[in-house]
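Beneath this line is the structure, given in structure tokens, with notes to follow.
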Protein chains: 2
Amino acid sequence: MASCPVTSREPASATCLPADQGGSIAAALESVRDFIEPRLAATLAFDDETPPRLAEAIRYAVLAPGKRLRPALALWAAQACGAPHRDPADHWEAATPAAIAVECIHAYSLVHDDLPAMDDDDLRRGRPTCHRAFDEATAILCGDALQPLAFEILAAGMPAAVAARSCLTLARAAGAAALVGGQVDDLAAERGWITTTPATAAEQVAWMDRINRRKTGALFLASLHLGGLAVEADAAQLEALARFGRAFGVAFQIADDLLDAEGTEAAMGKRVGKDAQRGKLTYPTVAGMAAARDRAHNLAAEAAAAVAPLGEPAARLAALAHWIVARDH
Amino acid sequence: MASCPVTSREPASATCLPADQGGSIAAALESVRDFIEPRLAATLAFDDETPPRLAEAIRYAVLAPGKRLRPALALWAAQACGAPHRDPADHWEAATPAAIAVECIHAYSLVHDDLPAMDDDDLRRGRPTCHRAFDEATAILCGDALQPLAFEILAAGMPAAVAARSCLTLARAAGAAALVGGQVDDLAAERGWITTTPATAAEQVAWMDRINRRKTGALFLASLHLGGLAVEADAAQLEALARFGRAFGVAFQIADDLLDAEGTEAAMGKRVGKDAQRGKLTYPTVAGMAAARDRAHNLAAEAAAAVAPLGEPAARLAALAHWIVARDH
């Protein structure tokens, strides 16, 4: 039996995930990739109206190797909320437009975040960033095309009532008050767009929480909700997914900050230590490594508890929350 | 009586618009602005979740003085297709989300087109472009936030069936095969993204038509269709609007090229002559001024004929097509 990925790094206050479950989450994510990646590729088979260079850049950005966490959240949320007498495969099919749409939004946000005018990154998922592999104009336009593609997929692939509600949910998550607003605030301190910055550690954590809730958390939550909406989840199920998503989002970001502080470029496939180099606030620098790790594990436990009422079909989501804070991958 | 704006410039093969109708179109566009601009401003009253700098950039981009052609197309299409016994004001209210959504997409496309990596323009609508008034990152993010806002407005403001179809229509018009693809092809020759360029005048006109159909025409057509969908237009009405939109789009672009070739920066509120400076193809440089102007007038007549079956409520659209090719404004 392999060592527990949580306790092998640091004793944690949260429940440790047995190693075999850790293994099964990795396998479950692999199943998600096997399911969604051919469907993503088929969605990105553009016709002659799309210039070849643009089509190539979009495929480069979306089909780059990735964990497909957001599609997994959408598919597993559908599985957790769908009618129990139906084949889980039906729930996955119903949630496929949702899974593809959220991945398109995620891919666009990475392409634009990496731009020279933004984070100016050269490496992403182990390969040159889109503007390095192509050029800056193509990267901007690649992101610009991925946004409406996400809404097209939802509007074309779902019953009207579900499509309308899904478009609204995704639009809010991708908008000025969420994803884009979070990115603006994330840049605000280093660009001098704000005159006062949070001073105490508590204020700094609150500031980071506010950014992360919008910059990354909102799209996690939308992924879950879109998956739920695809199988006509009820209000209580959507609320359970929302509670899961809020805790999961912060847990994910803390884990990401820890990896950024500890990881190597080779292992991560992107530049590491960049937050510290820029003097950006991160959870480990503000709270310390051990406290950050403790909070991540507590949030994972909170996320898992939130979906417990959804029963056994939600076990994947609970396991994912524990896995995400234990990952060194 | 003022001189006819068409014949005062050049004898045209198309029907001349009587001067009083020309006057009434300017007044009608003024009415559209009076109607839509307060509603646009109200839509852009963001709450605390949107960073103030981002909110300011979005308002700067959208609320800049403009003709509001796309909102006019949406509102007038609704008026042309709506049930005749209803108050036209009801049709305008129904089409308001459509009118606001298409203006948001238009504003985003201008902000991104003006970026240094794209057309690198300093002046737009008589004021510094968004990235000059703010900065490049803010301009990118401003455009990024306007796209989902358009879909949010449609999804939140219309009955589900209309919202879903409207989101699909707008998403396709804003996507890789339309607006973004057209912009890519528009940059392709000067950036060396294509190895063969059209050689004969006929091939060059076909190439420009293909770009314009997607870069500007698709959003005009979507504006019309969204207006029609808002009042539940039938298939024949939507087809009439489509025929109008296709002719209108090319007529508009030829008129724009003529203004770019002839106009002054002070009158236009943006840099002029830039297409020629960059060696970009334009209708007047390929076909000659007189032939370009003739084609524009013929297309305006074609557009007007397309909406004739919709009867008197479509007269505004027909008049707009004639006005757009006669404008020196």
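The values are calculated or read from the model by the stated rules, or taken from the named source; none is laboratory data. Just so we're clear, the structure is a prediction, and the values are computed from it rather than from any experiment. So basically every Cβ, Gly included, is an ideal-geometry build from the backbone, and we count neighbours across all protein chains shown. Note: accessible area is taken over every heavy atom of the protein model, side chains too, but ligands, DNA and RNA are not part of it. Shrake-Rupley method; radii C 1.70, N 1.55, O 1.52, S 1.80 Å.
Quick notes
- For trypsin sites (Lys or Arg not before Pro), the sites in region B:72-172 that DSSP calls loop and that have at most 12 other Cβ atoms within 10 Å are B:86.
- Assuming charge only on the beta carbon of Lys and Arg (+1) and of Asp and Glu (-1), the dipole of chain B about its Cα centre is about 460 debye to the nearest 20.
- Alpha carbon Rg of chain A, scaled by the compact-globule rule 2.2 N^0.38 Å: 0.96
- Each residue, residue A:210 and residue B:196, gets one label point 7 Å from its Cα in the Cβ direction; the gap between the two is 5.8 nm.
- Tensor-based shape of the protein assembly as shown (alpha-carbon gyration tensor, a/c under 1.5 rounded, otherwise prolate or oblate): prolate
- Label separation (residue A:67 vs residue B:236): 5.8 nm, computed from points 7 Å beyond Cα along the C-beta direction.
- The mean accessible area for residues of the protein assembly as shown, using a 1.4 Å probe and ignoring ligands and nucleic acids, is 37 Å² per residue.
- Span-rule helices in chain B, defined as complete DSSP H runs reaching 27 Å or more along the axis (Cα) with Kyte mean at least -1.0: B:19-43, B:88-113, B:136-157, B:235-262, B:289-307
- In this simple spin-label model, placing a label point 7 Å from the Cα along the Cα-to-Cβ direction at both residue A:308 and residue A:120 gives a separation of 4.9 nm.
- For chain A, the relative contact order comes to 22 percent (Cα pairs under 8 Å, sequence separation of at least 6).
- Sites residue A:289 and residue A:161 - FRET efficiency at Förster radius 51 Å, r taken between beta-carbons, to 0.05: 0.60
- More than 24 angstrom apart: percent of Cα pairs within region B:24-120: 29
- Sequence of A:46, B:252 when ordered by accessible area, the most exposed leading, probe 1.4 angstrom: A:46, B:252
- In chain B, helices alone account for a calculated mean residue ellipticity at 222 nm of -22000 deg cm²/dmol, with every DSSP H run of four or more residues adding -39,500 (n - 2.57).
- A label point on residue A:38, set 7 Å along the Cα-to-Cβ line, lies at 5.7 nm from each of its counterparts in the other copies, closest listed first.
- In nanometres and ascending order, the distances from the residue A:308 label point to those of the other copies are 7.4 (point 7 Å from Cα along Cα→Cβ).
- Cα-centred dipole magnitude for the protein assembly as shown, charges only on beta-carbon of K, R (+1) and D, E (-1), debye, nearest 20: 0
- Subset of B:67/B:280; A:215/B:215; A:67/A:215 violating a 27 Å alpha-carbon distance limit: A:215/B:215
- The distance linking region B:56-110 with region B:183-234 is 21 Å (Cα centroid to Cα centroid, whole angstrom).
- Sorted shortest first, the distances from the residue B:191 label point to those of the same residue in the other copies are 2.2 nm; each point sits 7 Å from Cα along Cα-to-Cβ.
- Per-residue accessible area (protein heavy atoms, 1.4 Å probe) orders A:282, B:196 as B:196, A:282, starting from the largest.
- Solvent-accessible area buried by A and B, counting both chains, probe 1.4 angstrom, square angstrom: 3900
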